[in-house]
Every structure is written in structure tokens, then in C-alpha cells.
Amino acid sequence: SSLPLCEDVSGSISYCAPEVIAPSSYDPIVADMWSLGIVFFACVYGVYPFYVASAKDWRFVMVVGKDSIIDTFLPIADAKMADVDFLKQVVDPLLRIDVQKRATSEEVVSDPYWHKCGAARTTKTLDDSNCAQCGNTRPS
């Protein structure tokens, strides 16, 4: 993003991205995408995936190096009522430890999950809020 890098830790620890917890500079927008993933995860499961996204939390250690955090948690969590497509398509890309692979806001909004017709949203303008194919409004 065009914002300057941050070095301080701010926010609730359970929502903080791994790069925020680590003693290094980080992009605040990219870190916020992780936090959004935590919010979605907590809405589905009713708990946070980690207390802290660092080696101090055994649950975080369990997912380091894995391609999918959701695939790690699905077998051990009560996901019978969960929307697995939402978890895999929207939440998992937000919770990628590698910041280069983490979903951007544009990728989240354009994901076909949000559209009944399955068509990805290709425009990024605020005045074009409906999918031309199904009429589904984008999330606000």
C-alpha cells in the first residue's frame, strides 16, 4: 500500500497479524486483512484461531508452514454448521502467514463467493455496487 510501514504493536492481540507481533516493520493494510480474517473466523467458529499469532501459541505453531489454516482447523472444530466454501474461499486467503500470499481487499470483494451467480466482481468503483449478472449487491 502507499501508507508508511509501521513498527509498533497496536490492537487486540488476538487480532494482530504475525508480522505485527514480530519485531519488524509491516504494512498496516496487509495486517488489517489478517484481522478481517480473524473476525470472520471468530464469527463462524465462535472462538479465535489463536491467542497470539506467534511461536508462543501452540495453535499458531500447528499451522506454520501449512498451505491452509482452515484445512487444519476443520477436522478438530465443530464445523457442521459452518459454510465451508466461505471458510476456504474468503477466510483462508486472509489468514495466510506469508504477507505476499495474503488476500487483498480487492481480491476479497471480487471473490465469486459473494455472488449468487458465481461471477467475480471485476470493477472496483463504488457507484457500481451490483453484479451485472445476478444483481447481488457487494458487501458494504
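Quick note: the coordinates plus some simple rules give every number you see, no bench work behind them. Since the structure is predicted, the reported quantities are computational estimates derived from the model, not experimental observations. For neighbour counting, all protein chains shown are included, and Cβ atoms are generated from backbone atoms with ideal geometry for every residue, glycine included.
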- Note on the structure: Note, the range 4-11: 3J(HN,Hα) by Karplus (6.51, -1.76, 1.60, θ = phi - 60°), whole Hz, Gly/Pro = x, goes x, 5, 9, 10, 8, 8, 9, x
- Task: If a/c stays under 1.5 just call it rounded; otherwise compare a/b with b/c (prolate if a/b is bigger, oblate if not). Do that for the range 1-112, with a ≥ b ≥ c from the square roots of the Cα gyration tensor eigenvalues.
- Result: oblate
- Message: If I take all pairs of Cα atoms in the range 3-62, what percentage of them are more than 13 Å from each other?
- Response: 59
- Describe numerically, in nm with one decimal, the distance between label points set 7 Å from Cα along Cα→Cβ at residue 22 and at residue 107. 1.7
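In percent, what relative contact order does the range 1-114 have, based on Cα pairs under 8 Å that are 6 or more apart in sequence?
That works out to 24 percent.
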- Taking R0 as 22 Å and r as the Cβ-Cβ distance between residue 62 and residue 85, the FRET efficiency 1/(1 + (r/R0)^6), rounded to the nearest 0.05, comes to 0.40
- Contour excess over end-to-end distance, with Cα ends at residue 12 and residue 43 and 0.36 nm allotted per residue: 9.5 nm
- Would you please name the GluC sites (Glu not before Pro) within the range 1-107 that are DSSP coil residues with at most 16 other C-beta atoms within 10 Å of their C-beta? 7
